[in-house]
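Structure first, then comments.
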Amino acid sequence: MLGGPPLDDDLVIWTIYRNPKDFPDGYVTRPWTIVPGGNARPGMAHLSMTLEDARVNCGPGLTRIPRTPEDDPTVVESWI
């Protein structure tokens, strides 16, 4: 992963995708670390067959952010 793993004070947003091109038969959960300047650095993807399993990959204590019309069609939701 570019730049290494997130630090404790980094902002990480987890995004869940349904049927993206690289995993067309399931869900992908990917962390995005927001780095100085507002750029986002992707982390390692986690693959799941169900939305419930994909949500477990995000970890406990997070808040769900519903998708917006501007999101890519494969985005289900994000967690922060």
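The values are calculated or read from the model by the stated rules, or taken from the named source; none is laboratory data. Bear in mind the structure is a predicted one, so any value in this text is a computation, not a measurement. Using ideal geometry, Cβ is built from the backbone for each residue, glycine included, and neighbour counts are taken over all protein chains shown.
Tabulated data for the structure shown
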{"item": "Pick from the stretch 66-79, criterion touching a residue at least 40 places away in the same chain (Cβ under 8 Å) and surrounded by 14 or more Cβ atoms within 10 Å (Cβ to Cβ), ranking: farthest from Trp14 (Cα to Cα)", "result": "Thr74"}
{"item": "Matching option when the condition is out of contact with any strand residue (DSSP E or B) (no Cβ under 8 Å at 6 or more places or on another chain) and either over 18 Å from Asn19 (Cα atoms) or at pLDDT 95 or above (or both), among Pro60, Pro66", "result": "Pro60"}
{"item": "Residue list for the stretch 44-64, restricted to those being surrounded by fewer than 17 Cβ atoms within 10 Å (Cβ to Cβ) and either aromatic (Phe, Trp, Tyr) or closer than 13 Å to Val12 by Cβ (or both)", "result": "Met44, Gly59, Gly61, Leu62, Thr63"}
{"item": "Enumeration of residues in the stretch 23-61 that are closer than 15 Å to Thr74 by Cα and either in a loop (DSSP other than H, G, I, E, B) or in contact (Cβ under 8 Å) with a residue 40 or more places away in the chain (or both)", "result": "Phe23, Pro24, Asp25, Gly26, Tyr27, Ala45, Met49, Thr50"}
{"item": "Enumeration of residues in the stretch 8-28 that are of a type in the set (Phe, Trp, Tyr) and either farther than 17 Å from Asp71 by Cβ or surrounded by fewer than 16 Cβ atoms within 10 Å (Cβ to Cβ) (or both)", "result": "Phe23"}
